[in-house]
Every structure is written in structure tokens, then in C-alpha cells.
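Worksheet: the structure to be examined is printed underneath.
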Amino acid sequence: MLSRMTNTYTRLKLRLVVLIILCSSVLFIWKAEQFIDQLHLAREFLLSNYGLGFLIPSLFVCTVAVCITKKRAFLDRKYWKIWLTIAVISLVSWGFIAVMPNPYPETYVNSLGGNLGRYIAGSSNLESAIRFLCTMVALSVILSPTRSSAVLTSTTRIFVSVLLLVLFTLGKYVKLGYKRKILKTGHRFATKQDRIISVAEAPVPSISGTSITNRIINARRKTTNVPEGSRVEASKGQRVVGDVAPSANGLAESTSDETVTKISLKDIEKWNLPEIAMLTLPPAGSQNPDINQEKTSLLIEKTLGDYGIEVTVGEVKPGPVVTMFGLVPGWNRRSKNVRERNAEGKAALDELGKPIITKVEDKTRVRVDSIVAREKDLALALAAPSLRIEAPIPGASLVGIEVPNPKPAVVTLRTVMETQTFARLRNQSKLTLGLGLGTGGEVAAADLAKMPHLLIAGSTGSGKSVCINSVIASIIMQNSPWEVRMLLIDPKRVELTPYNGIPHLIEPVIVEVEKAVLMLKGMIQEMLRRYKVFEEAGVRNIDGYNEKLSLDQKMPFLVVAVDELADLMMSAASDIERSITRLAQLGRATGIHLVVATQRPSVDVVTGLIKANFPSRISFAVASQVDSRTILDSVGAEKLLGRGDMLFQPPDAPKPKRIQGAFISDAEIEKLVQHWKNLRAPFPPKISLEFKEVFSNSEPRSEDRDDELFGKALEVASQYNRLSTSLLQRRLKIGYPRAARLMDVLEEQGVVGPGEAGKSRDVIG
């Protein structure tokens, strides 16, 4: 019964609302003009007298109406203080609106709060402030008569203390009399803030499916050995990795590993990234290329026109070192005499009976090869040391001629990193590299994660080492040691050793060839360990792994930088080539990236295996076309100007791109190193790259020693005075490679003597 009455009441209320809407619509249509005039008058009256403040009592009345409708309990008398507070704050807000500047005097007359708001605020700002203060004091007395004085005193003290703290911070050299009280108040505020932050930064629950995290941590425990006593006790609510004392070699290292403990995000954020202001800007006026573009364009057109090649300079792009002139090929024009014919196909005759001959112009497009063939003639006409012709320019119907500027501009690393192009790429990847500026002044930046490895070559003094320093500086400018770790190898001992001491280093800069071989093999072990962790976690690469974990558990990227590959290849070619090749083939998924440089790009240094696994390459000035083809598979690097002028071959581009490399000075490197040395924050877990040889030279390899036919080979050797590989092959019924391998093992064990080509060996034992 009750539900039926409720439904009937709802239907009646709905019909009443519909009837009111219909009547209002009819009235509005019937008396539209008078109705609109009355609305305008009402609007002007409200805006002039009440301004925007009429919204405040409207909200107040609506709130009261809602409370009455819903029969809220806070309409009782015991809540009168709350309603009084709301009313006072509403009046103060109305007055504050009236004090604000009025951008629409024609609409709101003299104030945004109207005449009433102006009356509430007063005639001046000082009067307004006094009224507001008295209102707040009266309100505090009404709300809390017994504690009003204490509330006002504490509020005033806090306000004055905060003001003095600000003044003291802004002026360090101003002697304030309340310095001791200020510091005490600031300490009290800092303590409260720390408590608030600790509550806000409570440990975030791990990812759903704790089994994945447990498998990851267990995998780390299996692959690392924690020395006894290396763990550091953690305070309650905080996690610590290890001590931060620097080692004897200047490199601060953690005495723990990934399995010991974890730290809070607040501690990790103590690794403040360097400011861009640490890097220097280029000198004033050094960015303007000193070249007469109009004169050079006319000279290019005239020089080629003298050889019967019609071109037009369609585009000019000034760069820091060279200026690109884009040529539009013209026409080869020829004229010939053609006899006109009549409708019957016979020669047409004029009035005198002579054949009618007409000159017809025949034109064909200028060939690109004809422009390229005049490279030396153009260099002679322009008095340029060398020219480089790009035919055609990728993505444009132009032939590019790169003319060196009389005065090259200086491109600094800061110039590149402050651009929007670099910032957009930085938001996508943590391994963004600032390479320099292109021929047209465009920013050249690349993502090392997508390369995924970089091969750099160039002769002495061409800018190869500066490029490596720019790459390293780009990485440590954007990443803390928790995000990127580095292994630097410098056989020359002078280029990369200034980075000793930064927390990003896994080991101090490697300068010995033997240790470099072991560290590269240890990096392979670390790569295989990461693949096992990925398998247990059910992910494919480092990005998928890090998405499931917090910052203190994420796996850092590993960057291996080698400054001089030729010196390593001369000492241990097979080990170095094998290690670099394997890291290049399998390292991308595990977050391992290589940056290898050499000043001798010959085939014995940059072998086919190495070059095949380095799709991204940079070539500075080289001596010959052979060296250019070795590093880039194309010519052009022999025409570079040196001092940072380079050709960059990205993996997704058909042709190399000319770039003026970014320069970073020794003073800038020192500032970056000192910045990271001076920070005191928890270090990330130590990555162990220790490598132990599985076998020695005096013993056969494990795979050969464990061969099931090794014992039978010994029996065959004991039956004969001389033994050959073919005999061993026939008796054991195996292939030649396996027989030859067993013969080598017998020689290592001293069973047979050394072999000679085409002859059997003596059985010694």
C-alpha cells in the first residue's frame, strides 16, 4: 500500500513539473520581448549592486534548502557555530571579491563585488585589511572564547616565523635578531614535515602476484654471494643497501648486493641529477655561419652553366660547419630543323616551291651524374678545401652541395640538450644521446636503446674521443646510478680515467688489456644471469621486467664504452672479438649496450662479425675511401673537415647524415664528476663481473675430456707406433672434425707428438 502511494505521488510530481515547463514556454513565446527586457534589467540590477557576490548567498540558500529537504541533523542548534562560520567566511569572501581589480568596469560598475561588496570591504585596501582582521578575530572569540587568545598568539607567531625564515633564506648576510628563534621554529616545522612525508610515502604494496617477485629475489640470491658481515642494519620503516664509504681507488662502492636489503624511494631521490647550467654555452656570435649565401648560389649556378649544366639553387640551409645548397636540375636544350608535312605525308612546300622547315626545341632533364662529375670544378670555383655532394637529398627532389663555412661554429652539448627535440626524445628513453647539429642546423639526437650499439671510428684528432665523452656525459646527466651503470675501458689511460669515482661505474676505469678481457667475459655472465631472471619472471626484456617492480628493485641499464678497440685487438683479438660479438648479439634485451671506438678502421680491427652487429655507426675524418667503406660501407668520410665533423649512420636510414659533433670540455667533465662525487646517498647493489677460467692450458677442455670416445682413442694410440687423424677416423668410425679434435687432445696430454702436414704423428706414451 505504501509503495503504491509513493508511486502515485511521484507521477503527480512529474506531471506538475511538465505542466510548469509548458506554461513557462508558452508565456515566454507570447511575451518574449517584454520578458527579455525584464531579464536585462534584472541582470543589470544584480551586477551593479551585488556583482559576482550574489553567487555566495545563492549557494548558501541552496545548501540550506537541501539540508531542509533531506532533513539533515546538522540543522540543529548545536551546529550554530558552523553555520555562523560559513556566513562570516561568505561575507569576507564577498568583500575580498570587491577589492580585486575590475577588468570589466562597464559591466560591474566599480567593483566585482558590486555596491554591497564594496560596502563590506571598505573604501581602501588598508580599511579592508583592518575589517577582515577584526572579523576573523571576532569569529575566533565567538567560536572559542576560552582559547581565542592562545589561538591568535600561536597563529601570529607562526606567521611571523615563516616570514622571517623566508627573509633569512633570501638574504643570508642579513643579521636578524630572531635568528635563534627562527632556526628553532624551522626545525620544528621540518620535523612535522618529515612526519607528514613519512606517512605519505608509506611502502607501496608490491605487484599483484607476489610469486613473480619471490622468484626474482630467489634468482638474485642464487647468482650472488653475500659476504658475511656486509649487511647493514636498517632502521624501522627504512631500507638500506650498504654503506657509502668510498673505496681506496676513489670509487665509492656498496658492500652489499641486490639480495641484502632495499631502500626507500626517498633515499634514492637523494641522487640529484646535475643541472644543465654545469655545461657551457657557445661563445656569443659563434653560431652564425660567415658565408654569403646569395653570392655562393650565383657562383654555383654560373660554374655549372659554363659546362652546359642548367641548375637553380632552390634551398639553402646554413649549418654550423657547412652550408647545404639544394640544386634543382634544369634542362638540356637542343634545337633541330624539322620538315613539315601535309595531310598526305609528303613534304609541305611554300609559295616558291621550297620545303617548309621549322626549328623545334628538344629538351631533356639534366642528369644527376653530370652534376656529381663536376665536384672538383665546383671546389675550384668556390675555393673550398673539399666539397661533398649528396645526390639526391633523402626526402627531397634536390641535389645537395655541402660548402664549408669560412668560420666553423661551435656546437656545445648544452646547445643540443636544451632543445625541444632532445626533450621529446628524453621523455621516451633514458639513454638519449646528444650528438650535435646537422648541416641545416637541425638537432641530431639518438636513442642508444634503439641503436642498440654504436661503433665510432676516425683518425687522430678528428673528434672521436670527444664524441665518447659527449655520449657518457649525456647518460650521466640524465640518470642516477640506480638507473644506468657503466663499464669504461681505456687502454690509452688518459681519455676515460677522469670518470673514476662516479657512482655509475661498476669497476674503476679498465686500463689493462688482460683485465678488459676478463671484464667483458664477466659482462657475458651477467647477461646470461639476467636472461635466467627474465625466464623465471616470465618477461621478455628489461622493460617488461622493470615495469613490474619498484625503483629500488629495478634492473639498471649497462653501458660498455671502449675507447680504443685497435689496441685490444692487437693483444687479444680472438677473445675481444668473441666477447664483443656475443654481447652485441644478445645484450639488447638485457639492457646491455656497447659504445666502441677506434682510430684505425681496418678490416683486422673492425671485423665482419663486429660490423654486422653494430648497425649504428659514426665515422669522423679518415685517410682514404677504403677506411670510409670499412666503417660506413660507402665513401664520403675521407672528405670530412675534422674537429667534430662526422657522418652518422642510424639503423633506420638509407644514407649517413652529416653532423657537427657536440663539444664538451675537460672543465665540464670535471664539474660533472665532482657533482656525483660530492653526493651522499645509498649506492645501488654491486654488480660482480668476476670471471674464472673453466680450464687451463695444461688440461684438455671439459667438452673434449668428457668425450665418450677419448678412452677409445687412447686404446687405438697404444696399438700403433704412429697415429694419424685419418686412421683414428676409420677405427672409431667418426667424422674428420671430431677425430682432429681428439688428436689435439692426445697431443695436449703428451700421448702423440706434434703433427706435420700430410704426415702421421709419433706415439710417445
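Every number in this text was worked out from the coordinates using simple rules, so none of it is lab data. Keep in mind that what you see is a predicted model, and the values were worked out from it rather than measured. Cβ coordinates were reconstructed from backbone atoms using ideal geometry, including for glycine residues, and neighbour counts include every protein chain displayed.
For a protection proxy built on the mean count of beta-carbon atoms within 10 angstrom, sort 491-499, 328-336 highest first, please. Don't skip to the end; give the middle numbers.
On the way: 491-499: 17.1, 328-336: 13.2.
Put in order of decreasing packing, that is 491-499, 328-336.
Stretch Ile357-Glu514 to full length: gain in nm at 0.36 nm per residue minus the Cα-Cα span?
Taking 0.36 nm per residue and subtracting the Cα distance, the gain is 47.9 nm.
For the stretch 451-459, take each phi angle, set θ = phi - 60°, evaluate the Karplus expression 6.51 cos²θ - 1.76 cosθ + 1.60, and give the result in whole Hz per residue in order, putting x for glycine and proline.
Result, ordered by residue: 4, x, 10, 10, 10, 10, 9, x, 6 Hz.
Just for the stretch 409-678, what percent of DSSP beta bridges are antiparallel, to the closest 5? Don't skip to the answer; put the middle values down first.
On the way: 15 of 37 bridges.
Within the stretch 409-678, antiparallel bridges account for around 40 percent of the total.
At 0.36 nm per residue, minus the direct Cα-Cα distance, what do Ile276 and Gln585 gain on full extension? Give it in nm, one decimal, please.
The span from Ile276 to Gln585 would gain 107.8 nm if fully extended.
Using a Förster radius of 45 Å, what is the FRET efficiency between Val372 and Met570 based on their Cβ-Cβ separation? Nearest 0.05, please.
0.70
Given just the C-alpha atoms of the stretch 448-497, how large is their convex hull per residue in cubic angstrom?
Numbers: hull volume 4.9 nm³, N = 50.
It is 98 Å³ per residue.
Report the calculated FRET efficiency for Asp744 and Ser634 (r = Cβ-Cβ distance, R0 = 45 Å), to the nearest 0.05.
So, using R0 = 45 Å, E works out to roughly 0.60.
Given 0.36 nm per residue, what is the gain on full extension from Lys492 to Tyr531 after removing their alpha carbon distance, in nm?
10.7 nm
Given a Förster distance of 22 angstrom, what is the FRET efficiency for Ile20 paired with Cys62, based on the Cβ-Cβ distance and rounded to 0.05?
It comes to 0.70.
Residues in the stretch 562-577 near a label at Val626, defined as backbone nitrogen under 12 Å from the 7 Å Cα→Cβ point?
Within reach of a label on Val626, which here means backbone N under 12 Å from a point 7 Å along Cα→Cβ, the stretch 562-577 contributes nothing.
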